[in-house]
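Colleague: I have a structure here, written as structure tokens, and I will follow up with some questions on it.
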Amino acid sequence: MSHNEAPIPLAFPDITDAEVDAVAAVMRSGRLSLGPRLGAFEQACAERAGRQYGVAVNSGTSGMHLCVKALGIGAGDEVVTTPFTFIATPNCVLFENARPVFADIDPETYNVDPGALDDAITNRTKALLPVEVFGNPAHFDEYERIANRRNLAMIEDCCEALGATLAGRPAGSFGDCGIFAFYPNKQITTGEGGMIVTDREDIRDLAVSLRNQGRATEAWLSHARLGYNYRLSDLSCALGEVQMSRLDDILAKRRRVAGLYDEALADLEAVRLPPMADRAKASWFVYVIRLADDFTRPDRDAIIQDLRGRGIGSSNYFVPCHTQPYMQERLGTREGDFPVTERIAARTLALPFFGGMTESQVGRVREALGEAIDARR
Ligand SMILES: *Cc1c(COP(=O)(O)O)cnc(C)c1O
């Protein structure tokens, strides 16, 4: 393996001249925020999620925060979620002084285990907040049934799952509301950005007001409630609108790369492929493999460092939320609480993954990974 080959990044956005032109047109228009691209981008995302309304915001995190607020979740309330997620998920519950309650994951899907989710519900539970980990829609119909049966609200953290479907239903269509995210490593990007999707007019109206300094009308200096500046600029919306128009193409390219990896890694005995049951209906956000149980966390970390040393992007995914020091301090959680999550989180790593990856790049990653694994045997 040559060390002077070009590095392969972990992620890379899929931007064409059409996106560049659309952003330039907004710049020339003089209308850089709250302009015509906002509604168009919202409409495109709502349609894709099979929802009535979209509310664009400046990040997935702010979108999720507004959903928590719009559902009236606050001090004394509990929200059941997964510890195997990006930290923004439980943080949005803590922003409102409510308590994230974790339930362990299903080792076959990496999404929260429906039985564990049900068991974690108490009389203080106000909502469920499950996550489509790595773009896998598994169990979302079951979570929705639990929410309905237990008379709870449900927020779908579909930040990693734009374009996925489960039994014909799109990601973003489960529960009361969902949130997509558009950081540059996501399937589509707006630079920074997020999108709430919902059929509930009350959630839509409150989110529109809260993202815009609590304004209730167009009157610029009239504020009906304590709000935020979570607006998404028209530059970002124009970028997102073109990305959405290309979504099927973008997802197909990513699925192709996932297929190349599936094939290239099939003979690596130490490696378990990403857990999507239906590889065509998942939305490929990252390509995360899992090492066999006889590998330790230090083994995994060394393999990541080894890959990076060869110019190949790699990262662990995720650190279990309940083991972050401030979470332990606030919630009283500790290592050992969620053994399935911990066993998997210690052995997962993301490989370079983006739609433009070539077969030869996948081959280079395969070769480097094989050598890195052998070096830890
Ligand atoms: C990306 C992501 C978010 C939101 O991220 P932002 O960076 O705030 O846009 C939330 N939850 C999950 C699971 C994510 O992957």
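Colleague: Extension gain Ser222-Glu47, at 0.36 nm per residue separation less the Cα-Cα distance, in nm?
Modeller: Gain on stretching Ser222 to Glu47: 59.8 nm.
Colleague: Just want the answer: with Cβ charges of +1 for Lys and Arg and -1 for Asp and Glu, which residue in Pro9, Leu221, Leu32 is farthest toward the dipole's positive end in the chain?
Modeller: Checked the options; the winner is Leu221.
Colleague: Mind checking which of Val80, Ala44, Gly115 is farthest towards the positive end of region 19-145's charge dipole, using Cβ charges of +1 (Lys, Arg) and -1 (Asp, Glu) about the Cα centre?
Modeller: Ala44
Colleague: Taking the Kirkwood radius as the inverse of the mean 1/r across Cα pairs, report the Rg/Rh of region 181-225. Walk me through the intermediate numbers first.
Modeller: Values: Rg = 13.4 Å, Rh = 12.1 Å.
Answer for region 181-225: 1.11.
Colleague: Under 12 Å from a point 7 Å along the Cα-to-Cβ line of Arg150: which residues of region 74-100 have their amide N that close?
Modeller: Residues 78-82 qualify, since their backbone N sits under 12 Å from the label point.
Colleague: Assuming 0.36 nm per residue, please report the length gained on full extension of the stretch Leu268 to Ala40 beyond their Cα-Cα distance.
Modeller: 77.5 nm
Colleague: Return the tail of the calculated pair distribution for the chain, meaning the percent of Cα-Cα pairs more than 31 Å apart.
Modeller: Here the tail beyond 31 Å accounts for 36 percent of pairs.
Colleague: Starting from the 7 Å offset along Cα-to-Cβ, what nm value, one decimal, do you get for the label separation of Glu371 and Asp205?
Modeller: Distance between the two pseudo-spin positions: 6.3 nm.
Colleague: Evaluate the charge dipole of region 50-131 about its Cα centre and quote only its size in Debye, nearest 20, assuming +1 on the Cβ of each Lys and Arg and -1 on the Cβ of each Asp and Glu.
Modeller: 480
Colleague: With charges set only on the Cβ (+1 for Lys and Arg, -1 for Asp and Glu), what does the dipole of the chain come to about its Cα centre, in debye to the nearest 20?
Modeller: Dipole magnitude for the chain comes out near 780 debye.
Colleague: Using alpha carbon centroids, what distance separates region 94-113 and region 228-261, in Å?
Modeller: Centre-to-centre distance over Cα atoms comes out at 27 Å.
Colleague: Take Arg169, project a point 7 Å from its Cα along the Cβ direction, then tell me which residues of region 90-118 have their backbone nitrogen under 15 Å from it.
Modeller: Hits in region 90-118 for Arg169 at 15 Å: 114.
Colleague: While we're on this one: Would you list the P(r) distribution for region 172-307, with all Cα-Cα distances sorted into 10 Å bins from 0 and each bin expressed as a whole %?
Modeller: Whole-percent P(r) values from 0 Å outward: 10, 26, 28, 19, 12, 4, 0.
Colleague: If you plug each phi of region 212-229 into the Karplus form 6.51 cos²θ - 1.76 cosθ + 1.60 with θ = phi - 60°, what whole-Hz ³J(HN,Hα) values come out, in order, with x for Gly and Pro?
Modeller: Ordered by residue, 3J(HN,Hα) equals 10, 6, x, 5, 9, 9, 5, 4, 5, 10, 10, 10, 8, 7, 6, x, 10, 9 Hz.
Colleague: Calculate I(q)/I(0) for region 1-135 by the Debye formula, one identical point scatterer on each C-alpha and no solvent, and give its log10 at q = 0.09, 0.17 Å⁻¹ to two decimals.
Modeller: One equal scatterer on each Cα of region 1-135 leads to -0.44, -1.03.
Colleague: Moving to a separate point now. If one puts a single equal scatterer on every Cα of region 219-377 and applies the Debye formula without solvent, what log₁₀ I(q)/I(0) results at q = 0.11, 0.12, 0.21 Å⁻¹?
Modeller: Summing over Cα pairs of region 219-377 leads to -0.61, -0.70, -1.28.
Colleague: What percentage of the solvent-accessible surface of region 219-377, computed with a 1.4 Å probe over protein heavy atoms, is contributed by carbon and sulfur atoms?
Modeller: Carbon-and-sulfur percentage of accessible area, whole number: 49.
The values are calculated or read from the model by the stated rules, or taken from the named source; none is laboratory data. Source: prediction; values computed, not measured. FYI the Cβ positions are ideal-geometry reconstructions off the backbone, even for glycines, and counts take in every protein chain you see. Please note that ligands, DNA and RNA were not included when accessible areas were found on the heavy atoms of the full protein model with its side chains. Shrake-Rupley method; radii C 1.70, N 1.55, O 1.52, S 1.80 Å.
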